[in-house]
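I'd like to ask you about the structure that follows.
The values are calculated or read from the model by the stated rules, or taken from the named source; none is laboratory data. Predicted, not measured: the structure shown is a model, and the values here were computed from it. All Cβ positions, even for glycine, are placed from backbone atoms using ideal geometry, and neighbour counts span all protein chains on display. Just the protein is used for accessible areas: all its heavy atoms, side chains included, with ligands, DNA and RNA removed. Shrake-Rupley method; radii C 1.70, N 1.55, O 1.52, S 1.80 Å.
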Amino acid sequence: MNFDKNFRVIIIDDYTTMLRILRNLLRQIGIENVEDATNGTDALGKLRTLPFNLIISDWNMQPMTGLDLLREVRADEKLKATPFIMVTAESKTDNVIAAKKAGVSNYIVKPFNAETLRAKIESVLAVKAA
Amino acid sequence: MNVKTSHPPLELGQAHTYLERVIVKLKTLDARQKQPLVEILQYISDYIGRTRSEICALRPTKDGEKFSSSTDELEEVVQETADAAGSIMTAAEAIEAIALKLPQPTSDELMAAVTKIYEASAFQDITGQRITKVVRVIQNAEKRIEALLCFCSDSELKPCGSGCGNHGTPPDDTLLNGPQTQKTANSQSDIDRMLAELG
C-alpha cells in the first residue's frame, strides 16, 4: 500500500522509546507524516486541531487512558470516523472486549513486529474505504 | 454489630497492658474456677505481645528504609533501560540512513536488520511496565505496613493513606493490568479471533 504524503497519523504512548519505534516502523511502511502525544489528553487536543487519517494508541497512560481517548473520539462528531488501532501490552480477553465495545478498529498486542503493524493498518484502511 | 462504649479506642499497646492488669487481678481472686479463664487470657496476652513485637520489627532501621530504597532502585532500572533503548535506537537510525544510500540487495538486508532492532527495542516498554507494576505493589505494601506500625506508637492510630480501603475504584481500573505472563497472555492470533467473533 502506498501512502500519500498528506496521510497523517497520530501515535500516542507514554514511553518515548515506543513512540520512536512506531515512528521508525511507520516511516519504513511509507508513512512520514506522524505526530505524537504521550497521553490521551494531549492527543485529544491535537486531534481537535489537525485532521488525522489514523490513530495508533497505547492503552495504559495517565491522566487519560487509551480506552478513554477511544471513547472521546467515538463520541466526537468530527473524529468518530477516524480509524483507531490500540497497541498495548493489555492482552486480557476483558480488555479486547472493552476496546471492541468502545469502537476500536483493530488491536495489536505488544511486543509486535513491523509486519503485524503494516497488516493492521492496511486492514483498518480497507474497512474505512469499503 | 456495633458495640457502643464510652471509652476511646485503645491502642494495641494499651489493650495489652489492660489485659495484663486483668490477669493480675484475676489471679488475686479466690474463685475456684478462675484457672482456665486465666490461662486463656494469658494465651491471648502472649499472642498480642508476640504480634506486636513482630509488627514493630517491621519498622525501618537506620540502614533500612528497605521498601523505599527498593522502589528507587527499580525506578532506576526503568530509567537505565530507557536510556539504553534510546542509544540502541539512535545507532539503528544511523545504520538505516546509511543503508538507504547502499545498492541492493545490501540495502534491503541492512534495512531488515534495522527493522528487527526497532521491533526488539520494545523490550523497554514491556520491562518498564512490569517493573512499574512491581513498584506499585511494593509501595502499597509499604503503606499497609506503615499503618500497622501505628499500633506500636503511643499516639492515636493514624488514619490510613490513600492505599487503604476501597475508595470507589472505577471499573476501568480493573482493565489496567499491564503485560501478562506467557501463561495467561492472549496472543495476537487469539485477539484477532476474538475481534472477529465480536463482529
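In the range A:1-25, which residue that is β-branched (Val, Ile, Thr) and within 14 Å of another protein chain (Cβ to nearest Cβ) is most open to solvent (accessible area, probe 1.4 Å)?
For the range A:1-25, the residue satisfying everything is A:Thr16.
Quick one: is B:Glu146 open to solvent by 30 Å² or more (accessible area, probe 1.4 Å) and not polar (S, T, N, Q)?
Yes: the conditions hold for B:Glu146.
Next question. Starting from residues that are open to solvent by less than 50 Å² (accessible area, probe 1.4 Å) and more than 38 Å from the chain's Cα centre (by Cα), keep the ones in the range B:6-51 and report whichever is modelled with the lowest pLDDT.
For the range B:6-51, the residue satisfying everything is B:Lys34.
Moving on to the next point. Determine which single condition A:Ala114 fails, assuming it passes every other condition in (1) crowded, with 20+ Cβ neighbours inside 10 Å; (2) more than 11 Å from the chain's Cα centre (by Cα); (3) under 27 Å from A:Lys5 (Cα atoms); (4) within 14 Å of chain B (Cβ to nearest Cβ).
(1)
Here's the yes/no breakdown for (1) in contact (Cβ under 8 Å) with a residue 12 or more places away in the chain; (2) within 20 Å of A:Glu122 (Cα to Cα); (3) more than 11 Å from the chain's Cα centre (by Cα); (4) surrounded by 18 or more Cβ atoms within 10 Å (Cβ to Cβ):
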| site | (1), (2), (3), (4) |
| --- | --- |
| A:Thr65 | yes, no, yes, yes |
| A:Asp68 | yes, no, yes, yes |
| A:Glu77 | no, no, yes, no |
| A:Phe84 | yes, yes, no, yes |
| A:Ala89 | yes, no, yes, yes |
| A:Lys92 | no, no, yes, no |
| A:Ala102 | yes, no, yes, yes |
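Just checking, which of A:Ile108, A:Ile55, A:Ile85 is more than 14 Å from every other protein chain (Cβ to nearest Cβ) and under 29 Å from B:Ala92 (Cα atoms)?
So the residue among A:Ile108, A:Ile55, A:Ile85 that is more than 14 Å from every other protein chain (Cβ to nearest Cβ) and under 29 Å from B:Ala92 (Cα atoms) is A:Ile55.
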